[in-house]
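Colleague: Encoded as structure tokens, here's the structure I'll be asking about.
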Amino acid sequence: MLTVAACGGLIWLTNQPSVRVSTIRVSNGTEAFAEFARTAMQGKYLGLIPRDSIFFVPEHAIRVRILDTHPEIAAVSISRDGMTGILITPNVRVPVARWCGLKKTIESVPEYCYFFDSSGFIYAAVDAASSTQPLNSFALYTSLEGATEEPLRATLKNTSALPQVFDFARQLLTLGSPVASITIHDDEVDCVLASGTRITYVRGREEKSFAALVSAKQNLNLTDGSLEYVDVRFDGKVYLKRKEKEAVQL
């Protein structure tokens, strides 16, 4: 009897206007997220307890709807805002760089690129009209995890190696020219500088490769585009090819 009375009291309480959600705030002002919440809170559980009760807000359903329709959102926090309101706080992904395919194709054809975050998750196409700027200005060319033809929501391969690869690319700026693009193929990496020179090294050997470049710095001009490539894949050796000339070893 006491159990029945308790259940009845709970049902009565959850139906009171003073504990029903009437206001929804979204921290970034996206009204669509509030609408998702209103839709999710319609109706009642088992026909008895309203889904908009502050005690039984369907947080999981709201969170799933937002994440499914907005891949640029990494996580969603839902908290109480008094006894009649909730606050939705989306955590937006930070663009690390642009992924532009498996390899550079025709130079004269504009590329269709995507933003990806620190986990290697591809979440948005790059819009030329957008003001969004990634942390790194270079483009990345590498393969995706699994067999997929749709880049959106895919994940880049070898994501654990990307921080070291990107650090190496940023270090190259100290030698005179920023990196315009990075191509990862198997265990090798090609960094193409804005000057047009390509630097090739073995992934995972960034420290030794940079040290080799520094040791040969006096014989390298990476700023004027006179070098076709610099190859530091072999320990203790730096190979380079000047444009229209044979490869030599320093």
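The values are calculated or read from the model by the stated rules, or taken from the named source; none is laboratory data. Just so it is clear, the model here is predicted, and its values are computed rather than measured. We place every Cβ from the backbone using ideal geometry, glycine too, and count neighbours over all the protein chains shown. For accessibility, only protein heavy atoms count, side chains too; no ligands or nucleic acids. Shrake-Rupley method; radii C 1.70, N 1.55, O 1.52, S 1.80 Å.
Colleague: Looking at the range 58-184, what % of its DSSP beta bridges pair antiparallel, to the nearest 5?
Modeller: In the range 58-184, approximately 75 percent of DSSP beta bridges are antiparallel ones.
Colleague: Follow-up question, since we're still on this one. At a 1.4 Å probe, what is the % contribution of carbon and sulfur to the accessible area of the chain?
Modeller: 54
Colleague: So for the chain: antiparallel DSSP bridges make up what percent, rounded to the nearest 5? Write out the running numbers ahead of the final one.
Modeller: On the way: 36 of 48 bridges.
Expressed as a percentage, antiparallel bridges in the chain total about 75.
Colleague: Between the helical axis of 31-40 and the dominant principal axis of the chain, each derived from Cα atoms, what acute angle in degrees is found, rounded to the nearest 10?
Modeller: With both axes taken from Cα atoms, the answer is about 50 degrees.
Colleague: Counting each pair of different Cα atoms once, what's the Kirkwood radius of the range 11-159 in Å, rounded to one decimal?
Modeller: The answer is 17.7 Å.
Colleague: Only Cα pairs within less than 10 Å get springs; with that Gaussian network setup on the chain, which residue of A125, A37, A161 has the largest fluctuation?
Modeller: It is A161.
Colleague: Here's a follow-up. Out of the DSSP beta bridges found with both residues in the range 125-250, what percent are antiparallel (nearest 5)?
Modeller: Of the beta bridges lying entirely in the range 125-250, close to 75 percent run antiparallel.
Colleague: Right, next: With springs only between Cα atoms under 10 Å, which of S79, S131, S181 fluctuates most in a Gaussian network model of the chain?
Modeller: It is S131.
Colleague: Counting only protein chains, not ligands or nucleic acids, how are D186, D52 ordered by accessible area (probe 1.4 Å), most first?
Modeller: Listed by decreasing accessible area, they come as D186, D52.
Colleague: Accessible area, 1.4 Å probe, largest first: how do R51, R233, R25 sort?
Modeller: Numbers: R51 55, R233 75, R25 125 Å².
My answer, sorted largest first, is R25, R233, R51.
Colleague: Stretched out fully, how many nm does the piece from S118 to L102 gain, at 0.36 nm a residue minus the Cα gap?
Modeller: Length gained, S118 through L102: 3.9 nm.
Colleague: Give me the extension gain from N158 to Q133: residue separation times 0.36 nm, minus the current Cα-Cα distance, reported in nm with one decimal. Don't skip to the answer; put the middle values down first.
Modeller: Values: separation 25, 0.36 × 25 = 9.00 nm, distance 2.34 nm.
Taking N158 through Q133 to full extension adds about 6.7 nm, to one decimal.
Colleague: Related question: Return the subset of K208/K237; K104/K157; K217/K241; K103/K157; K104/K217 for which the Cα-Cα distance in this structure is over 19 Å, preserving the input order.
Modeller: K104/K217
Colleague: Moving on. Pick from D117, D190, D127: which is most flexible by mean-square fluctuation in a GNM of the chain where alpha carbon atoms under 10 Å apart are linked?
Modeller: D127
Colleague: Find how much the distance from E59 to T174 grows on full extension, using 0.36 nm per residue of separation minus their present alpha carbon separation; answer in nm with one decimal.
Modeller: So the extension gain works out to 36.5 nm.
Colleague: A further question follows. Once the whole set of protein chains is in place, how much accessible area is left on S22, using a 1.4 Å probe, in Å² to the nearest 10?
Modeller: In the full protein context, S22 sits at about 90 Å².
Colleague: Angle between the Cα long axis of helix 59-69 and the longest principal axis of the chain, 0 to 90 degrees, nearest 10?
Modeller: Here the helix axis deviates by roughly 40 degrees.
Colleague: Using only DSSP helix segments of four residues or longer, with each worth -39500 (n - 2.57), what per-residue ellipticity at 222 nm results for the chain after dividing by its residue count and rounding to 500?
Modeller: Computed mean residue ellipticity for the chain: -6500 deg cm²/dmol.
Colleague: If you don't mind, another one. Within 10 Å, at most 10 other Cβ atoms, and a DSSP state outside H, G, I, E, B define an exposed site. Report the longest part of the chain free of exposed GluC sites (Glu not before Pro). Walk me through the numbers on the way to the answer.
Modeller: Values: sites that count: E107, E149, E244, E246.
Excluding the exposed sites themselves, the longest stretch runs over 1-106.
Colleague: Counting only heavy atoms of the protein chains, get the accessible area per residue of the chain (1.4 Å probe) and round it to a whole Å² value. Show your work: numbers first, answer last.
Modeller: Values: 14020 Å² over 250 residues.
Here the per-residue accessible area is 56 Å².
Colleague: Could you sort H70, H185 by their accessible area in this structure, using a 1.4 Å probe and putting the largest first?
Modeller: The ordering from most to least exposed comes out as H185, H70.
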